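Input: a single structure, listed below in structure tokens.
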Amino acid sequence: MSLSEKNYLVLKPTLDFDGLQLDSKILLSVVVDTNKYIQELYKLFDEIEFDIFDVLGQRNLSGVVGEIFSRFYCLAFSDFVLNPHPDGRPDILNITVPEVKNYFDDFCFEINQGKKTPVKSNLSPFKYKGIEVKCTIGDKVSNYKKKLKESTGLDSLEIGTPRVNYLSSMQFWAHHKHSNSLLGLYYDYYENSECLPQILAVFYSELVADDWYDVSVGKPGSKKTSNTSLRPEGKKKLFDGTIISINNETYIEKFRKVGLAV
């Protein structure tokens, strides 16, 4: 089953960002379009017996869901563009103001060997406002393996196994501790949509640097990348800003336990 707007609850009328009031109904259409595209993508690869989501793996899949959402977001809200650099931040840039658009057009690209390429120093970070998109499937309860074995016979959670019954919390990670406008997405392998990954909740907040833990860095010579995660205060801000939720009692009950304002 393809999820439509009628399968969701819109909990706030607008997403308020940088003086703009973005219609939550349009944001919901972005969610629905993303979910439909994910279903179509799966079917396209399935025709050649290629399980694209299994090949991507869980960590990469979360990133892909966020990337697809970001592209549909920029199609729906025309004053926003994707950050064109692969390491750029934030993910989505607000070019509503002419000064910002001129900066983006004139200083964020250069010509190398006849090809237009993005300038990392001006896009990571972008000096004007934008939205960071982060996607999570959530964290598992500590005894999930026992519970999973008893209820499904599986030894571990596989790609395509709904996780709502094993959800304990949601966390968001970053490489930098900084103020940002964070749009969080929660997805799961939704049973009513053939257990394909579907976005089921959206939340938003303006965060400050102190909402993040100190950045953890690896020892000299280590391949570990720097990372940080949201403090409880930061997560509360984000979850209090829940804008959209799937209208499904199992998920709503779990969302409330996690702390989402549903």
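Since every read-out is calculated from the coordinates, none of them should be taken as a lab result. Keep in mind the model is a prediction, meaning the values are calculated, not measured. Virtual Cβ from ideal backbone geometry, glycine too; neighbours counted across all protein chains shown.
Results, tabulated for the structure shown:
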read-out	value
Globularity ratio of the range 112-162, using Cα Rg and 2.2 N^0.38 Å	2.21
The range 162-262, Cα convex hull volume normalised per residue, Å³	109
Label point 7 Å beyond Cα of TRP173 along Cβ direction - residues of the range 230-246 with amide nitrogen under 16 Å	230-231
Extension gain, MET1 back to GLU67 (0.36 nm per residue minus Cα-Cα distance, nm)	21.5 nm
For the range 181-195, Karplus couplings with θ = phi - 60° (6.51, -1.76, 1.60), whole Hz, Gly/Pro x	9, 9, 9, x, 10, 10, 9, 8, 7, 7, 4, 6, 10, 6, 6
Cross-link partners of LYS25 among lysines (Cα-Cα below 25 Å; sequence separation of 8 or more within a chain)	LYS6, LYS12, LYS36, LYS129, LYS134, LYS235, LYS236, LYS237, LYS254
Kirkwood hydrodynamic radius over Cα pairs of the chain, then Stokes diffusion coefficient at 37 °C and 0.692 mPa s, in µm²/s	167
Sites matching GluC sites (Glu not before Pro) across the range 60-163 that sit in DSSP coil, with at most 13 neighbouring C-beta atoms within 10 Å	GLU158
Radius 15 Å from Cβ of LEU75, net charge of other residues (Lys, Arg +1; Asp, Glu -1)	-3
Theoretical gain in end-to-end length, ILE52 to VAL119 [0.36 nm per residue, Cα-Cα removed]	21.0 nm
Cα-based convex hull volume of the range 10-117 per residue, rounded to whole Å³	146
